[in-house]
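Each remark here refers to the structure printed beneath this line.
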Amino acid sequence: QIWKPKNIMRYYPGSELTTTTVSSVRTKFREMYGVENEFPVLQTEFGNIAVCTVQLDPFVYAAYAMKGTELMLRTSTLFYREDVISTALTYNMYSAMANIPYGRMPFAEYGGHSMVCSPKGKVMDEVTSCSDEGFIKVDIPIGEYRKERKQPQCAMALTKDIFDQYVEEVPIDHLLEVDVENRAEGDACKDCIDGKKLPNDGKEMKALIDQKSRWISEE
């Protein structure tokens with residue numbers, strides 16, 4: 001099972017992504033699929049491959065790198081190319097992004113331009129259009145790469161005291177105990193977890209995130 005580890009939060013004004021992720025239902029996920037499948041890495045003859053749709057979260061990609069990812073296959077609905085380049089360079093992995101074509105303003109600059117980036121942060125090839133579909137092909141010298149590859153140098157001990165003080169705004173499992181108002185009783189519960197309704201759209205999800213927030217004062 002390959003699930004999205006987490007959603008980007010507090011990025012869209014007035015709305016939040018409604019995708020169910022590992023983070024939002026982690027206890028249930030672990031019961032069904034196990035801890036190892038939170039950040040799965042597939043060992044293949046072509047290299048150690050991971051698939052992820054998370055954007056702008058270096059900690060998620062640090063976890064994949066620590067588990068031995070060599071080829072990171074990413075997908076997105078609009079993206080920052082700098083994010084892909086930085087991830088590849090920081091964590092010494094090949095990173096490929098498959099993005100949707102999107103030519104409408106004001107977001108055209110974030111559409112299309114699917115790309116493959118080397119561990120040195122070099123763009124190996126890239127679709128040149130934001131609005132048209134395209135294909136790219138690169139050769140990855142996995143044998144040569146493995147001769148020089150090392151685990152990422154993350155300053156865990158140096159930064160531990162700071163990270164131990166940090167409290168995430170939204171807790172793990174925030175979708176396991178939801179009670180969204182204005183839902184008809186007896187509705188088919190295909191969008192439920194343990195019989196409880198999930199947020200129906202981005203506005204309802206934002207209301208839930210605000211309710212679960214550890215940062216927003218109840219006053």
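Of note:
- Pairs beyond 23 Å (Cα-Cα), from Lys160/Lys212; Lys122/Lys147; Lys4/Lys28; Lys4/Lys147: Lys160/Lys212; Lys4/Lys147
- Ranked by the mean number of other Cβ atoms within 10 Å per residue, highest first, peptides 151-164, 121-134 order as 121-134, 151-164.
- Just so you know, the averaged projected area of the alpha carbon convex hull for segment 1-96 sits at 6.5 nm².
- Helical runs assigned H by DSSP (4 residues or longer) give the chain a calculated mean residue ellipticity at 222 nm of -7500 deg cm²/dmol, each run adding -39500 (n - 2.57) before division by the residue total.
- Phi angles of segment 126-134 translate, via the Karplus equation with coefficients 6.51, -1.76, 1.60 and θ = phi - 60°, into HN-Hα couplings of 7, 5, 8, 10, 8, 10, 10, 5, x Hz per residue; Gly and Pro are given as x.
- Between the entries (i) 17; (ii) 50; (iii) 28, the label attached to percent of Cα pairs over 32 Å apart calculated for this structure is (iii).
- Atom-type composition of the exposed protein surface of segment 55-158 places 58 percent of the accessible area on carbon and sulfur (1.4 angstrom probe).
- Largest GNM mean-square fluctuation across Thr87, Thr21, Thr69, computed for the chain with C-alpha springs under 10 Å, falls on Thr21.
- Sparsely packed loop sites in segment 17-123 (the chymotrypsin sites (Phe, Trp or Tyr not before Pro) outside DSSP H, G, I, E and B with at most 13 other Cβ atoms within 10 Å) comprise Phe46, Phe107.
- Annotation note: trypsin sites (Lys or Arg not before Pro) in segment 57-87 located in DSSP loop regions with a Cβ neighbour count of at most 16 within 10 Å are Lys67.
- Remark: segment 64-168 carries 64 Å² of accessible area per residue (probe radius 1.4 Å; ligands, DNA and RNA excluded).
- Exposure of Leu78 as accessible area (Å², to 10), given a probe of 1.4 Å and all protein chains: 40 Å²
- Unit charges at the beta carbon, dipole of the chain: most positive-side option, Phe79, Ala155, Phe39: Ala155
The values are calculated or read from the model by the stated rules, or taken from the named source; none is laboratory data. Just so you know, these numbers come straight off a predicted model, no measurement behind them. When we count neighbours, we look across all protein chains shown, and the Cβ atoms used for this are built from the backbone with ideal geometry, even at glycine. Protein only, heavy atoms only, side chains kept; ligands, DNA and RNA dropped before computing areas. Shrake-Rupley method; radii C 1.70, N 1.55, O 1.52, S 1.80 Å.
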